[in-house]
Structure formats: structure tokens, C-alpha cells
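See below for the structure under consideration.
The values are calculated or read from the model by the stated rules, or taken from the named source; none is laboratory data. Since we're looking at a predicted model, the values are computed, not measured. Using ideal geometry, Cβ is built from the backbone for each residue, glycine included, and neighbour counts are taken over all protein chains shown. Surface accessibility is based on the protein's heavy atoms, side chains included, excluding ligands, DNA and RNA. Shrake-Rupley method; radii C 1.70, N 1.55, O 1.52, S 1.80 Å.
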Amino acid sequence: MYMDMDVKRGYNEYLRLEDGPGKAGMMDVGLLVMEAGDEYVIEEPKKEVAVLMFDGDINLSWDDQSVDMYRPNPFDTNPWCLLVHKETKIVIKAKGTSNIYIQKTLNDKTAPEFPNRLFTPEETDTWARGTGGVLQNCIKRDVRTCFDLNNAPYSNMVLGEIINLPGKWTSYPPHYHPQPEVYFYRCDKPQGFGAGWGDGELYETHHNGLALITKDIHPQVMAPGYTSCIAWGIRHLPDNPWDKTRIDDPTHEWLVKDDADDHIWKCPTGY
């Protein structure tokens, strides 16, 4: 399922796990749009909460901590990401125009089993994938992981970003996993677009669009000239957490073999 939204100032709800498509995704997902002087409070009685700043200038406070955060854009810098357990009060105060991704899910754990934690840009694991001429450089991208099973095993979620470069593919070679996943798209230009696959459907992707993927392969591609920062969030399944396992589509398994480039047609006049 894919959805676009004409976002407005305030909290823009895309998914809610209690009803609609959010039931299949098992998560709440929204975009918080703020202007200087705005204040927004989050306090969930039953849900853990992740707050990831795409861009902006804010003060974020929780427990006895208060941190000023600035991020000019999601392309040149790593994200700030706060992850807290249920019943934690988060106060967000904007000092300038800010866009903040919010993801929630049910989780009974609290402190000390679930420690509230801020993942800083310096702590974000950034992995350049598809480099070195792999598949003719068509799948070059940066994959950033804020938290996953390795550094937050108490969470029921995973959250990170992908920088999908102009004309390049990501989530490729085609693969799938049983855990539901969301992709939230932020383009470097508001008219940017691309394409994605998920749940057996093909859809056009846009700035501030969201895809919910519950089955099947889900490759993505951006149109030449446009870059997208995709927030990717996975919901662990009970007794089956996502552990970075990718199930490659058997039709395209040859793409991951060492000699794949030997079997790709080469244009005689070059590229």
C-alpha cells in the first residue's frame, strides 16, 4: 500500500496500528511539521516511541535530559533519533522550521529493561552499499541504521534511513522478509519522484509519501536528477524479530553471485 499526503503544520498521521492499514504494519507512523515557537508533547501509555529528525532546529527533552538538535537536511548529515519506552514524556520545541518522523508500536517493557536512549549522528551506523562497480554502479546507496536488534534488543522496532541516489536502485537485488516495513520518502526537491514495489503492486513515489510493505519483494528506484532520503522502519514479529536476514527472490538470485557482471549485457558504445 502506498499513500501521499498534503502535509500541514502539526502532526500528520499516516498509520495507526489500532485500525486501517496500520493494523497490518503494527505501527503508528506520522510526520510532525513544526515552525519556530511550536511545542509538541508525546506521552504514550502503551507504546514505545521513536523520534527521528529529518531536518530542522529543535530542543528535545525527556526524563531529565534536554538536547538541542540541528540538522540542515537529511542528505548531507546523519540523523538524530530518540527511542523511549512507554509512559515517557517527550517535549519537542521548535526553533525553526522542522520535519520530524515519528514511529510507535506496542511494547510492555520499561526501565531498566528498556533504557531510553538518544542515538546521535556520530553513533549512526552508515554503510555504503553497492559500491566498487557492483551491477554497473546501479545500486550504489548509503544505508544508515539508528537502532536495530543489535543495539536495541528491547525494542519491537528497527529504524534507519537510505539515501536513494538519482537514477539508482535500492532494496536491491529484490528481496523480502516476513516482518512488516514502512518506507517514508523525503526528496531533495518537492517535485522529485521515483517508483517502488510492494505487496505485489507498483506505485509512483513522491515527497512525503509512505509505503507500507507486508509481503513480497520491495525494490525502489529514483528518477534521474532526484535524490530521496527514505526512512525505513521494520516491526519485529513476536518470536520472529528482523535480524538483517534478506530472502532473495530466487528469480534474481544470480545478481548476488560473484560472476554476475559477466552475465550482464554491455553496451558496445559505452555508457
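Considering only the range 89-122, state which residues are open to solvent by less than 10 Å² (accessible area, probe 1.4 Å), among the polar types (S, T, N, Q) and not in a strand (DSSP E or B). Within the range 89-122, Asn107 is the sole residue that qualifies.
For the range 198-221, residues that are without any contact (Cβ under 8 Å) to a residue 60 or more places away in the chain and out of contact with any Phe, Trp or Tyr (no Cβ under 8 Å at 6 or more places or on another chain) total 2. Considering only residues in the range 123-150 that are β-branched (Val, Ile, Thr) and open to solvent by 30 Å² or more (accessible area, probe 1.4 Å), the one that is nearest to the chain's Cα centre (by Cα) turns out to be Thr126.
For the range 152-168, the condition of being among the hydroxyl-bearing types (Ser, Thr, Tyr), closer than 26 Å to Leu15 by Cα and either under 13 Å from the mean Cα position of the chain (by Cα) or part of a loop (DSSP other than H, G, I, E, B) (or both) holds for at least one residue.
Residues considered: Pro174, Pro153. Of these, the only one that is over 17 Å from Val29 (Cα atoms), at pLDDT 95 or above and surrounded by fewer than 21 Cβ atoms within 10 Å (Cβ to Cβ) is Pro153.
Taking the range 69-84 as the region of interest, how many residues are in contact (Cβ under 8 Å) with a residue 60 or more places away in the chain and either assigned to a loop (DSSP other than H, G, I, E, B) or touching a helix residue (DSSP H, G or I) at 6+ places or on another chain (Cβ under 7 Å) (or both)? Residues meeting the conditions: 5.
If a residue must be within 28 Å of Ala260 (Cβ to Cβ) and touching a Leu at 6+ places or on another chain (Cβ under 8 Å), how many such residues does the range 200-224 contain? Selection size over the range 200-224: 1.
Residues are listed down the side, and each one gets a yes or a no for (1) closer than 30 Å to Ala195 by Cβ; (2) open to solvent by 10 Å² or more (accessible area, probe 1.4 Å); (3) modelled with pLDDT of 95 or more; (4) of a type in the set (Asp, Glu):
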site	(1), (2), (3), (4)
Tyr2	yes, yes, yes, no
Gly20	yes, yes, no, no
Met27	yes, no, yes, no
Ala36	no, yes, yes, no
Asp55	yes, yes, yes, yes
Asn59	no, yes, yes, no
Glu87	no, yes, yes, yes
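Of the listed requirements (1) over 30 Å from Cys267 (Cβ atoms); (2) at pLDDT 95 or above; (3) open to solvent by 20 Å² or more (accessible area, probe 1.4 Å), Leu159 misses just one: (3). Only a single criterion out of (1) open to solvent by 10 Å² or more (accessible area, probe 1.4 Å); (2) assigned to a loop (DSSP other than H, G, I, E, B) is not satisfied by His218, namely (1). When we screen Tyr183, Tyr203 for residues that are hydroxyl-bearing (Ser, Thr, Tyr), open to solvent by less than 50 Å² (accessible area, probe 1.4 Å), at pLDDT 95 or above and within 19 Å of Val51 (Cα to Cα), the only hit is Tyr183.
Among the residues making up the range 221-263, those that are in a loop (DSSP other than H, G, I, E, B), of a type in the set (Asp, Glu) and over 17 Å from the mean Cα position of the chain (by Cα) are Asp239, Asp249, Asp258, Asp259.
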